[in-house]
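Working notes for the structure below.
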């Protein structure tokens, strides 16, 4: 291979590496924008969830991806809703009783009517428990709102519109 050809190949490799680095930086900047917006849109009463929202930019073999989200187990439940209100329609259809501050790794299989659940709650409260009845939590799609709010800034950062 001639010196001229070798110089051309080397310049092409350097240009490609520079382009990849520039795309990585742009994707990372877009993720930072979306992460900040997601933290703004996250419900105020979910401080732990808000603090857990992060981003990651990854260079794969033929793809650069950016991800914004939370590793917390509660994140999809806050975002998508639960019970009767679950966005996917797969939530529990009957009321349930829970005790605030307690945690059970088992999901209750007990099916109550609303009036039965209220009686159980009243009984538990008389026993000193901080019990509540719920039929689920309405969705709070904070990531969806963040995407809409940040869309034009992200497109500008990525060289779109």
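The values are calculated or read from the model by the stated rules, or taken from the named source; none is laboratory data. All figures in this text were calculated on a predicted structure; none of them were measured in a lab. For neighbour counting, all protein chains shown are included, and Cβ atoms are generated from backbone atoms with ideal geometry for every residue, glycine included.
Per-residue answers, yes or no, for (1) at pLDDT 95 or above; (2) part of a loop (DSSP other than H, G, I, E, B):
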| position | (1), (2) |
| --- | --- |
| 9 | no, no |
| 20 | no, no |
| 23 | no, no |
| 39 | yes, no |
| 43 | no, yes |
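For segment 64-94, residues that are modelled with pLDDT of 90 or more and part of a loop (DSSP other than H, G, I, E, B) total 9.
Of these, 146, 122, which one is not assigned by TED's automatic domain parsing to the domain that holds residue 48 and not in a loop (DSSP other than H, G, I, E, B)? Just a single option satisfies the conditions, and that option is 122. Checking every residue in segment 34-51 against the condition of being in contact with a strand residue (DSSP E or B) (Cβ under 9 Å, 6 or more places away or on another chain), without any contact (Cβ under 8 Å) to a residue 24 or more places away in the chain, closer than 22 Å to residue 154 by Cβ and outside the structural domain of residue 128 (by TED's automatic domain parsing) gives zero matches.
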